[in-house]
1. Determine whether GLY115 is in contact with a helix residue (DSSP H, G or I) (Cβ under 8 Å, 6 or more places away or on another chain), of a type in the set (Gly, Ala, Ser) and surrounded by fewer than 22 Cβ atoms within 10 Å (Cβ to Cβ).
2. Just to be sure, is LEU91 surrounded by 23 or more Cβ atoms within 10 Å (Cβ to Cβ), farther than 22 Å from LEU259 by Cβ and among the aliphatic types (A, V, I, L, M)?
3. Any residue in segment 250-264 that is closer than 20 Å to SER230 by Cβ and open to solvent by 80 Å² or more (accessible area, probe 1.4 Å) sitting within a Cβ distance under 8 Å of a residue that is modelled with pLDDT of 75 or more and not hydrophobic (A, V, I, L, M, F, W, C)? List the pairs, counting only those 6 or more apart or interchain.
4. Look at segment 57-80 and say how many of its residues are in contact (Cβ under 8 Å) with a residue 40 or more places away in the chain, open to solvent by less than 70 Å² (accessible area, probe 1.4 Å) and not in a loop (DSSP other than H, G, I, E, B).
5. Confirm whether ASP271 is assigned to a helix (DSSP H, G or I), without any contact (Cβ under 8 Å) to a residue 40 or more places away in the chain and open to solvent by 70 Å² or more (accessible area, probe 1.4 Å).
6. Considering only residues that are surrounded by fewer than 19 Cβ atoms within 10 Å (Cβ to Cβ) and either closer than 22 Å to ASP102 by Cβ or without any contact (Cβ under 8 Å) to a residue 40 or more places away in the chain (or both), which ones fall in segment 236-249?
7. Can you name the residue in segment 166-211 that is polar (S, T, N, Q) and crowded, with 20+ Cβ neighbours inside 10 Å and, of all such residues, is farthest from ARG139 (Cα to Cα)?
Amino acid sequence: MSPVLSFFRPPVVLPSMPEVARRLLNTFGRDNVSIDELATVIGTDGALSARLLRLANSPRYAPSRPIMRLNDAAQIIGLGALRGLALGASLADCFPHPPGFDRLRFWRQNLATAGHARWLAQAAHVDADTAETAGLMLRSGQLLMLMHEPGLLSLVEALTGPPDSVFELERLHFGCTHAEVSAELAVRWRFPSALVDALHSAGDPLAVRPFQRMGAVLRLASVLADAGDSGLDPVASVDLAQPELSLALGLDLANMPDLCPHHARLTLAVDAFVS
């Protein structure tokens, strides 16, 4: 059995996909998705709707007036971003959160990765909505790893040092990375192939043939999120961890430091979103 598939064997039972998440997934790949349709789907889950409205009213977006409707939230956050946030929150919440699980840090990393993924995708000329959604889902595999091997995952987290080092530590101790587990989870939940491919290739983008630009964007976004979480210079962290990946995407991050989204701004609303 492959290391990835070992996380899907008993006694772990894969949570059932919430209905709102299933309906959101069905909107991917469609060009005619409207704000009204999205608001109607999300509106079937009152708790999720409240979280997204808190996010839209948070200092991260600083609206000029109170946002009371999901339709207005979509205007503030962006339709694609709102859909990705709703999907990610709905799926993450169906996993159990054992004692010691740092839910705030988990979502800080998710929001930062998603924000960096959108920025990098625009610079690398790949679909920004897909990149942002994939960024929100990249660490979902860690929830399954936590269910299956909580002690070993805690050890990996304790050993994690510089940005991006978690991937090699996971491969050493688990035989695979959280990106690959996230990809298998996406397969079983019937995600669009573009999202599955992006998640899988993020585990080792330079080894994938043909080169998968979306996976490379995700990996770099993860490095930037790690750097921000540790208070490190993001561009220097990429230069140390994944210099070849920037070149493969044709990005000169050294000349783009002022354009890189600030970690504090990307994670500003995490309290409002998680509470």
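1. Values: in contact with a helix residue (DSSP H, G or I) (Cβ under 8 Å, 6 or more places away or on another chain): yes; of a type in the set (Gly, Ala, Ser): yes; surrounded by fewer than 22 Cβ atoms within 10 Å (Cβ to Cβ): no.
No; evaluated as a whole, the condition is false for this residue.
2. Numbers: surrounded by 23 or more Cβ atoms within 10 Å (Cβ to Cβ): yes; farther than 22 Å from LEU259 by Cβ: yes; among the aliphatic types (A, V, I, L, M): yes.
Against the criterion (surrounded by 23 or more Cβ atoms within 10 Å (Cβ to Cβ), farther than 22 Å from LEU259 by Cβ and among the aliphatic types (A, V, I, L, M)), LEU91 qualifies.
3. Between residues of segment 250-264 that are closer than 20 Å to SER230 by Cβ and open to solvent by 80 Å² or more (accessible area, probe 1.4 Å) and residues that are modelled with pLDDT of 75 or more and not hydrophobic (A, V, I, L, M, F, W, C), the close pairs are HIS262/GLY228.
4. Counting residues in segment 57-80 that are in contact (Cβ under 8 Å) with a residue 40 or more places away in the chain, open to solvent by less than 70 Å² (accessible area, probe 1.4 Å) and not in a loop (DSSP other than H, G, I, E, B) gives 2.
5. Numbers: assigned to a helix (DSSP H, G or I): yes; without any contact (Cβ under 8 Å) to a residue 40 or more places away in the chain: no; open to solvent by 70 Å² or more (accessible area, probe 1.4 Å): yes.
So ASP271 fails the test.
6. Within segment 236-249, ALA236, ASP239, PRO243, GLU244, LEU247 meet the criteria.
7. Step one: of segment 166-211, the residues polar (S, T, N, Q) are 177, 182, 193, 201.
Then drop every residue that is not crowded, with 20+ Cβ neighbours inside 10 Å, which leaves 177, 182, 201.
Working: THR177: 10, SER182: 7, SER201: 14 Å.
Once the filter is applied, the top-ranked residue is SER201.
To keep it simple, each residue is scored yes or no on (1) farther than 25 Å from ASP127 by Cβ; (2) touching a His at 6+ places or on another chain (Cβ under 9 Å); (3) charged (D, E, K, R).
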position	(1), (2), (3)
VAL223	no, yes, no
ASP226	no, no, yes
ASP233	yes, no, yes
LEU240	yes, no, no
SER246	no, no, no
ASN255	no, no, no
HIS262	no, no, no
LEU266	no, yes, no
VAL274	yes, no, no
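The values are calculated or read from the model by the stated rules, or taken from the named source; none is laboratory data. All of these numbers come straight from a predicted model, not from anything done at the bench. Virtual Cβ from ideal backbone geometry, glycine too; neighbours counted across all protein chains shown. The accessibility values were calculated without ligands, DNA or RNA, using every heavy atom of the protein model including side chains. Shrake-Rupley method; radii C 1.70, N 1.55, O 1.52, S 1.80 Å.
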